[in-house]
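Working notes for the structure below.
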């Protein structure tokens, strides 16, 4: 029997995330734990929490899981794991240990699919040098999978989303459009090549990007996932108390992403993300509608968005290109805090 | 009046159906879109508002019926300059690739060869069907350097949606790492794969 996980879900990958607006509302009411060893907590909505162990060592701790975004269980496992590990890389950390988190409908799917998902996750973890040392599964439909990951980091070398400084240029390391392509795949509008390219990108660890960030001592970065380019940029601009200007025509795109959006293939998550950012965003008067909606597109295992001092940006870009992230591009710049946090232009 | 019933369909299928109907109708035409899904209803409304298209709606028992009238502000037809200005790919691409193996076209006088290559690259932009990809190897990679006389044309072709692949070994050989302003660096395996898969390989 050929297993097709896509038959089981409406929204897969990070599109299944709860609305960021809603999340922000509820998080407000959660008491913030006070402990001087919490170096990065919930308050700045960063990619992962960071806890100081001693002067030399802090732990980066994060979790992510989601429903399937592709038919093949092994590939789903790989992508979910790459996405979970990404948050550690976005903070500049080195992933060390992890636990599997799995929801699996044992009465609806053969157990070999379960094994395949775990195998995909485990292979991706090996690639990252990460050891999976346990996990937890409950019976649930549709399936969901991800990891809780712990990484090491030096307490003074944390890369946060509050590290953007006016004058920095903004670099994106992977092309955008996974949400659009995955929606297009379900509607049979996306070409095989687009889907293949999107899957390759989602399986690509942000490890190389993180190494480049460390080499150049970059302070501000995040990874682009469910809240889209604009959503994650907004969180970062707020945490850094700066404004960000994006030239959306410079954003590298996967295959026919633009054409699909032009056809109206705009996933529901994009509208949720638009709701989240619009009060804090100035949209250029002639802003191309398709580009605007691409900036809202929920990414699964998306690229790193890094803020780089303008003097070294050429070196960073060429290092990224040489490391295989050949579509890395400068897509905007950071300015002093202005009336709005985000400025989106063509 | 045309009625498009998207009942039972999930986002973004109803939005795509609406967009297509909008594109295919004439200014002043009205049509109805039916959806049984609140998310799709709110996304379509948002899409229409953003694109300055008038509509009204009725809701009964969880079924939304939108009546949409096309105005001249159609985002595709009325603002072609927007597409040119933003230089976004919306061009047809065929099952062929172009391989650039040299900075000159044909054998013979070098100066003539350069001139011909410039004209060749310029002419690509006017093709009804663009190549799927363009690969550059050996001396061909120098076409992609910042001082190349055709660099602006290549940038335009890239923005039209054509992927440009440059042989990384060649870029290194000619010490162009810092100067290459287009495309992505590629390896021989990818280049072989792209050439083997293409319906036709055109070589100037």
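Some notes on this structure:
- Base-10 log of normalised Debye intensity for the range A:1-155 (one unit scatterer per alpha-carbon) at q = 0.11, 0.13, 0.14 Å⁻¹: -0.47, -0.64, -0.73
- Taking the square roots of five times each eigenvalue of the Cα gyration tensor of chain B, the equivalent ellipsoid has semi-axes of 48, 18, 14 Å, listed largest first.
- Principal-axis tilt of helix B:38-50 within chain B, Cα atoms, nearest 10 degrees: 70
- Cα→Cβ-extended label distance, 7 Å offset, between residue B:125 and residue B:50, nm: 3.0
- When peptides A:29-36, A:201-208 are ranked by their average number of other Cβ atoms within 10 Å per residue, the highest-first order is A:201-208, A:29-36.
- For the residues B:188, B:160, B:117, a GNM of chain B with alpha-carbon springs under 10 Å puts the largest fluctuation on B:188.
- FRET efficiency for the pair residue B:63 and residue B:178, taken as 1/(1 + (r/R0)^6) with r the Cβ-Cβ distance and R0 = 56 Å, rounds to 0.40.
- The mean count of C-beta atoms from other chains within 10 Å of the C-beta of residues in B:39-45, rounded to a whole number, is 3.
- The calculated FRET efficiency for the pair residue A:191 and residue A:43, based on their C-beta separation and a Förster distance of 51 Å, comes to about 0.75.
- For the range B:123-204, fraction of C-alpha pairs farther apart than 18 Å, in %: 39
- Protection proxy ranking of A:301-309, A:289-297, by the mean of other Cβ atoms within 10 Å over each peptide's residues and highest first, is A:301-309, A:289-297.
- Alpha-carbon spread of the protein assembly as shown, three principal axes, descending order, Å: 76, 68, 57
- Kirkwood hydrodynamic radius of the range A:211-346, from inverse mean 1/r over distinct Cα pairs, in Å: 15.3
- Angle between chain B longest axis and helix B:110-124 axis [Cα atoms, degrees, rounded to 10]: 10
- Here the average projected area of the convex hull drawn through the C-alpha atoms of the range A:28-110 stands at 7.7 nm².
- With helices as the sole contributors, chain A gives -10500 deg cm²/dmol at 222 nm; each DSSP H run of n ≥ 4 counts as -39500 (n - 2.57), and the sum is divided by every residue.
- Quotient of Cα Rg and 2.2 N^0.38 Å for the range A:118-207, N being how many residues it contains: 1.44
- For chain A, modelled as a GNM whose springs connect Cα atoms under 10 angstrom apart, the maximal fluctuation among A:113, A:269, A:323 occurs at A:323.
- For the range A:73-171, the percent of C-alpha pairs falling in each 5 Å distance bin, counted from 0 to the bin holding the largest distance, reads 3, 13, 22, 19, 14, 11, 8, 6, 4, 2, 0, 0.
- Of A:195, A:180, A:149, the one that fluctuates the most in a GNM where chain A has Cα springs shorter than 10 Å: A:195
- For chain B, the longest principal axis of the alpha carbon atoms and the long axis of helix B:188-197 meet at an angle near 60°.
- For the segment A:285-295, counting C-beta atoms of other chains within 10 Å of every residue's C-beta and taking the mean gives 3.
- Relative counts (whole %) of C-alpha pair distances in the range A:288-337, using bins that are 5 Å wide: 4, 16, 21, 22, 19, 15, 3
- Relative contact order (percent, whole number), chain A, Cα cutoff 8 Å, 6+ residue spacing: 23
- The range A:163-227 - convex hull of the alpha-carbon atoms, volume per residue in Å³: 101
- Taking every residue in A:259-270 and counting other chain Cβ atoms within 10 Å of its Cβ, the average works out to 6.
Where a number appears in this text, it was derived from the coordinates with a stated rule and is not lab data. Treat the numbers as computed from the prediction; the structure is a model and nothing was measured. Note: ideal-geometry Cβ built from the backbone for every residue, glycine included; neighbour counts use all protein chains shown.
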